[in-house]
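Below: the structure, in structure tokens.
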Amino acid sequence: MAAGGEITALPGFASARPALRHASVRPARMAAALRAGLFAWVPVCLAAGIVLWFVLPVAPGRVAWIMLALSAVALLAVGRLALPWAERGRIGWALADAMRIGSTAALLVISGLGLIGLRSAMVAAPVMEWRYYGPVEGRLVEIDRSARDRIRLTLDRVVLRDTAPGRTPAKVRLSLMDQTDPLPPLGQRVMLTGHLGPPPAPASPGSFDFRWLAWFEGLGAVGYTRTPIMAVEPASGGLWAMHQARMAISRAIQDGLGGQEGAVASALMTGDRSGIEEATNEVMRASNLYHIISISGLHMSMLAGFVYTALRMALVLAQGLGAPLPQAVHKIAALGALLASAAYLWLSGGGVATERAFVMVAVMLLAIMADRRAISLRTIALAATIILVYSPEAVTHPGFQMSFAATVALILSAGPWSKVSPHLPFWLRPVAMLLVSSLVASVATSPLAAAHFNRMAQYGLLANLLVVPVMGALVMPAGVIGALLAPVGLAGPALWVMGLGTRWMLRVAEWVAGLGGAVVALPLPPAPVIPLMCFGATLAVLCWRQGLTARRPSLMGGGFLAGMAMLAASTAIWLTASRPLLLIAPEGEAVGLMTPLGRAVSKPSGGAFIVSTWLQEDGDTATQEASAARPAWQGDKRDRMAALPQGWDIWHLTGKGAADRAPAACQPRRIVVLSEKLPAPADWPCIMLDLGRLRATGAVTVEMGDDGPVLRGVNDMLRSPG
């Protein structure tokens, strides 16, 4: 040490700072473990802001956005000033860290609000608010199959008769009721005569709201057609030529394999699911294998993993034979796998789930090329952040939630697996790894699947253990090899192997779906359950540390306990929830009354989709006919009546002349529902719900309060898009 308190630098080291002049100045802070791994919280905070936007009763207006922008500026200032204040000794380092982390988290929440608000504004397009029948002209952009097993066409650049361009939806979707002619190619401009209406509102408050999905897809009207499809103008442009090439590959796979095996193989490789029958979809759902036929992270990771492994082994072999290759062959293999994944993204049609899967795989492969860990929570956080930035509405999709739940669970299981796998025979490790990954992914996604789809596949784990290894070992490798050999006409053997795998998958699905008690119906969880489940699990995972105990409280320990409390709360809310006493369809076509034997609907037919949704959300496997046979309703098929608690009753009037019969049926302490519109409003002694009022309120729930029936309509409780 030199005179005057200066510290002399040792040879080879940079000069040190001068000695502190004042003892009161605080020393530099030590490395804080709290600041490590904070990037994993970025998508969590963004998702919190996005979810907050969806649950707001009204969309933020101009004043609200200005206030949020000012708040963001203030938070930026707090984050920037915290460090200088700590260096000058005005505040402690712990408080400075808390200010910076807290302001950043709040800023990310506001950013999530801004991202989803911007996205909603960017996709804004006219939504049909009336019923339309007439000619529909547009460009064919998508062909798929509905839940009722009908082919559906999605058109853009739509032209409707006597409808101004400013009121015409950007896209419309029509189901083909009598489809016998060959389907037109994608990109072709077509004309047909169709029935169109607005995207349907939920079947009841709390049901899935299709209007939001349609809004972000730019879908402004849905309907059906019974007329032939006429070609107006052929497809033009290289993009549509690529789409037609993809559909030609799909047809070749289906023709080569035949049956549902070919349809499933085509869906796996090209994303074309139009050939899969609804009966196949149903057994896949009952066996918890439906995710197999929807291209997602499973397929993309299997394909990328196969290409990466095959390329790396081939390059290492080439090195061993003396080929002049660089040492880092794993980076070349990662680049090849990335290009193969991009090709698969195009081949599969580039759906939302496929794009999400590609982002996740691409981030991992780029991490390998950048000498970073390919599989880590930071990598997954980066992939989630990218997805939430360009498609923030994805946070509400079951696919997004289940994909990341499965991926995070697999990452957490990697540590224990690395300790166990060395003790297994080398030939058993790949099979064991597939089995373990299937088990982990199934356990992680089952609660979310049950909450979203109101059903639990009892033997889904067994089905996945039997099918997923075959997918990884046969189907996806055969698909890659077939794609490479197709240009030279040698794809036949590879397709045959792929067909063996898809045939096995279908046989397993049919066997598992046929087991007794294969599917257990569950009631619809209340709205807070899924957010509590997702954020609770995220908190528990990110805050868990070894050595957490009640005796040593810490911020991480508090976060872990909060996450576990949220998971417990979601379970308690779901288990203690009750279903509405009375449900009324939005067109007055059906009424469902909850009884000790389950929900009894007023009619054995009519409003089939609405009624099936009610029963599914009740956790009831009965058909509409069986539900209507339950003791509750009396009267003829047009005029149905049932008793309610507290001396009230309900009448359901349908058929021609329902409006004429309504005045005589309207009596005190009675609810009257009719499927026709009354000519004019009146001061009725009953609660009158005609078609006009129901269209204004949407589907209605009725509970009995102290002062009589309490009615809640969908449009009164839920915010609609736009």
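The values are calculated or read from the model by the stated rules, or taken from the named source; none is laboratory data. Not measured: the values here are computed from a predicted model. Note: ideal-geometry Cβ built from the backbone for every residue, glycine included; neighbour counts use all protein chains shown.
Among residues belonging to segment 644-660 that are closer than 25 Å to Gly705 by Cβ and either among the basic types (Lys, Arg) or not in a strand (DSSP E or B) (or both), point out the one that is farthest from the chain's Cα centre (by Cα). In this case the residue turns out to be Gly647. The lone criterion from (1) buried (at least 17 other Cβ atoms within 10 Å of the Cβ); (2) in contact with a Phe, Trp or Tyr (Cβ under 7 Å, 6 or more places away or on another chain) left unmet by Gly79 is number (2). Against the numbered list (1) without any contact (Cβ under 8 Å) to a residue 60 or more places away in the chain; (2) of a type outside the set (Asp, Glu); (3) touching a strand residue (DSSP E or B) at 6+ places or on another chain (Cβ under 7 Å), Gly516 comes up short only at (3). Might you check whether a residue that is in contact with a strand residue (DSSP E or B) (Cβ under 6 Å, 6 or more places away or on another chain) and small (Gly, Ala, Ser) occurs anywhere in segment 446-453? Scanning segment 446-453, I find at least one residue that is in contact with a strand residue (DSSP E or B) (Cβ under 6 Å, 6 or more places away or on another chain) and small (Gly, Ala, Ser), so the answer is yes. The condition of being in the same structural domain as Asp707 (by TED's automatic domain parsing) and in contact with a His (Cβ under 6 Å, 6 or more places away or on another chain) holds for only one of Val591, Val611, that being Val591. The sole residue among Val601, Val591 that is touching a residue at least 60 places away in the same chain (Cβ under 8 Å), touching a strand residue (DSSP E or B) at 6+ places or on another chain (Cβ under 9 Å) and under 30 Å from Ile687 (Cα atoms) is Val591. For segment 141-157, enumerate the residues that are more than 24 Å from the chain's Cα centre (by Cα) and touching a residue at least 60 places away in the same chain (Cβ under 8 Å). Correct list: empty.
Residues checked against (1) without any contact (Cβ under 8 Å) to a residue 40 or more places away in the chain; (2) assigned to a helix (DSSP H, G or I); (3) within 11 Å of Ala265 (Cβ to Cβ):
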| site | (1), (2), (3) |
| --- | --- |
| Met471 | no, yes, no |
| Gly479 | no, yes, yes |
| Ala483 | no, yes, no |
| Ala486 | no, yes, no |
| Ala494 | yes, yes, yes |
| Met498 | no, yes, yes |
| Thr502 | no, yes, yes |
| Met505 | no, yes, yes |
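Would you confirm, using the coordinates I've provided, whether Thr538 is surrounded by fewer than 16 Cβ atoms within 10 Å (Cβ to Cβ) and either among the hydrophobic types (A, V, I, L, M, F, W, C) or at pLDDT 90 or above (or both)? No. Against the list (1) hydrophobic (A, V, I, L, M, F, W, C); (2) touching a residue at least 40 places away in the same chain (Cβ under 8 Å); (3) outside any helix (DSSP H, G or I), the condition Leu325 fails is (2). When each of Leu70, Leu56 is tested for being exposed (fewer than 15 other Cβ atoms within 10 Å of the Cβ), farther than 22 Å from Ala384 by Cβ and either within 22 Å of the chain's Cα centre (by Cα) or assigned by TED's automatic domain parsing to the domain that holds Pro398 (or both), the lone residue that passes is Leu56. Being assigned by TED's automatic domain parsing to the domain that holds Leu462, closer than 30 Å to Gln260 by Cα and either of a type in the set (Val, Ile, Thr) or in a helix (DSSP H, G or I) (or both) holds for only one residue in Met284, Met313, and it is Met284.
When you check Ser418 against the structure, is it more than 25 Å from Ala340 (Cα to Cα) and assigned to a helix (DSSP H, G or I), yes or no? Judged against the criteria, Ser418 is a match. Can you tell me which residues in segment 444-469 are among the aliphatic types (A, V, I, L, M), part of a helix (DSSP H, G or I) and either surrounded by fewer than 22 Cβ atoms within 10 Å (Cβ to Cβ) or touching a Gly at 6+ places or on another chain (Cβ under 9 Å) (or both)? Ala444, Leu448, Ala449, Ala450, Ala451, Leu461, Leu462, Leu465, Leu466, Val467, listed by residue number. Each residue in segment 131-145 was checked for being within 17 Å of Pro198 (Cα to Cα) and at pLDDT below 90, and 0 of them qualify. Checked against (1) among the aliphatic types (A, V, I, L, M); (2) surrounded by 16 or more Cβ atoms within 10 Å (Cβ to Cβ); (3) over 25 Å from Pro469 (Cα atoms); (4) touching a residue at least 60 places away in the same chain (Cβ under 8 Å), Leu365 passes all but condition (3).
A single entry from Ala569, Ala562 fulfils the requirement of being assigned to a helix (DSSP H, G or I), on the phi < 0 side of the Ramachandran plot and modelled with pLDDT of 95 or more: Ala569. When Gln244, Gln260 are checked against the criterion of being without any contact (Cβ under 8 Å) to a residue 60 or more places away in the chain and either outside the structural domain of Pro493 (by TED's automatic domain parsing) or not acidic (Asp, Glu) (or both), Gln244 stands alone in meeting it. If I filter segment 152-174 down to residues being of a type in the set (A, V, I, L, M, F, W, C) and closer than 20 Å to Val232 by Cα, which single residue comes out as surrounded by the fewest Cβ atoms within 10 Å (Cβ to Cβ)? Step by step, filter segment 152-174, then rank; the result is Val159. Going by the structure shown, is Ala680 under 31 Å from the mean Cα position of the chain (by Cα), part of a loop (DSSP other than H, G, I, E, B) and small (Gly, Ala, Ser)? It is false that Ala680 is under 31 Å from the mean Cα position of the chain (by Cα), part of a loop (DSSP other than H, G, I, E, B) and small (Gly, Ala, Ser). Cβ-Cβ contacts under 6 Å between residues 6 or more apart (or on different chains), taken from a first residue in segment 64-84 that is under 24 Å from Gly117 (Cα atoms) to a second residue that is surrounded by 13 or more Cβ atoms within 10 Å (Cβ to Cβ) and at pLDDT 90 or above, are listed as Leu68/Ile110; Ala72/Leu107; Ala72/Ile110; Leu75/Ser103; Leu75/Ala106; Leu75/Leu107. Only one entry of Pro198, Pro202 meets the criterion of being crowded, with 19+ Cβ neighbours inside 10 Å, under 21 Å from the mean Cα position of the chain (by Cα) and in contact (Cβ under 8 Å) with a residue 40 or more places away in the chain, and that entry is Pro202. Could you list, in sequence order, all residues of segment 262-279 that are in a helix (DSSP H, G or I) and surrounded by fewer than 22 Cβ atoms within 10 Å (Cβ to Cβ)? Selection gives Glu278, Ala279.
The set of residues from segment 357-411 being outside any helix (DSSP H, G or I) and either among the small types (Gly, Ala, Ser) or farther than 27 Å from Leu113 by Cα (or both) comprises Ala370, Asp371, Arg372, Arg373, Ala374, Ile375, Ser376, Ser391.
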